[in-house]
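The values are calculated or read from the model by the stated rules, or taken from the named source; none is laboratory data. Given the structure is predicted, the values throughout are model-derived calculations rather than measurements. Neighbour counts are summed over all protein chains in view; Cβ atoms, including those assigned to glycine, are modelled from backbone coordinates with ideal geometry. Just the protein is used for accessible areas: all its heavy atoms, side chains included, with ligands, DNA and RNA removed. Shrake-Rupley method; radii C 1.70, N 1.55, O 1.52, S 1.80 Å.
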Amino acid sequence: MDILIALGAAVAFALVFRTPLIRMPAVFYVLAVAVALLFLSGILGQALPTLNRELLPFLRRCIFPYALFVVVMYMGVLPEASCLRQYLKPARGPLSIVAALLVLCHGVSYLGVYLNVALGGFSTASASTASSLAMAVALSVILGVLTVTSFNFVRHRMRGKTWKVVQKAAYAFFGLVTAHAVVLLLPASLTGGSAAFSVSVYMGVFLLYVILRIARWAKVRYVAADWRTSSGGRGAVTDCELELA
């Protein structure tokens, strides 16, 4: 149920804070870092134990940052004329950066566990732990690159073509995030319960995205081919639908 709450909260967050995210993104970046520091230092738990307890699964298990990433990714497969896409698309960059900064709550929380596994030479680690560690390393690298290149001052200093190529790593990131979550939850999900439900949600969200992405790609290809045919093959088609972000 936590994953559904997080998805709903992420959509609400994007809709409510869309304008300030666009106009004052730095404020949200500072707030995200502050939340991460307060959470990781234990200050939040001491000052507001009830709030800390409620936020624990959403931050430590990275459920809310994941939900924000889902919003960002799904914006890319909505129809171009969609009101929701047009409304939220300008906030995609800030949303993805806020999500990445909040991932610190998850990454630092489990850093000790993964360090012990790595230092132990994986000899005592289970297959799921070892594989999740490998994926976590890959995810950290990809997320770092995507986050840095999402800042406007970095993006404006990159060639447009290069930036688009780099941003395509988001596809791999989304797939690895799903696999990472499923691998961690799989042992517990075998007995049913909330873990099994969470696995089904993670898989369902990703598979639906893949279906919508393929459908969008096919539509763009069809429109491009039709345009070339009708125009006698002159010129080239440039369509923002081909962009990930």
Using only Cα atoms, find the angle between the long axis of helix 169-189 and the longest principal axis of the chain, and express it within 0 to 90 degrees, rounded to the nearest 10. 40 degrees
Please sort 91-103, 31-43 by packing, taking for each peptide the average over its residues of neighbouring beta carbons within 10 angstrom, highest first. 91-103, 31-43
Percent of all Cα-Cα pairs per 5 Å bin for the chain, counting from 0 up to the last occupied bin, reads 1, 6, 11, 16, 18, 17, 13, 8, 5, 3, 2, 1, 0, 0
Under a Cβ-only charge scheme (Lys and Arg +1, Asp and Glu -1), can you give me the dipole magnitude of the range 1-97 about the Cα centre, in debye to the nearest 20? 140 debye
Under a Gaussian network model of the chain whose springs join Cα atoms within less than 10 Å, the largest fluctuation of Ala134, Ala67, Ala181 belongs to Ala134
Using the beta-carbon distance between Ala34 and Ser194 and R0 = 30 Å, what value does 1/(1 + (r/R0)^6) give for FRET efficiency, to the nearest 0.05? 0.50
Under a point-charge model restricted to the Cβ atoms of Lys and Arg (+1) and Asp and Glu (-1), what is the dipole moment magnitude of the chain relative to its Cα centre, in debye to the nearest 20? 780 debye
Rounded FRET efficiency, nearest 0.05, which uses the C-beta distance separating Ser128 from Ala26 and R0 of 45 Å: 0.70
From most to least accessible, 1.4 Å probe, no ligand or DNA/RNA atoms counted, Cys105, Cys83, Cys62 line up as Cys83, Cys62, Cys105
Sequence of Phe17, Phe64, Phe153 from largest to smallest accessible area, 1.4 Å probe: Phe153, Phe17, Phe64
Which order do peptides 158-171, 2-15 fall in by mean Cβ count within 10 Å, highest first? 2-15, 158-171
Net length gained if the chain between Ile43 and Ser109 were fully extended (0.36 nm per residue, minus Cα distance): 22.3 nm
Computed [θ] at 222 nm, deg cm²/dmol, the chain (DSSP H ≥ 4; -39,500 (n - 2.57); rounded to nearest 500): -25500 deg cm²/dmol
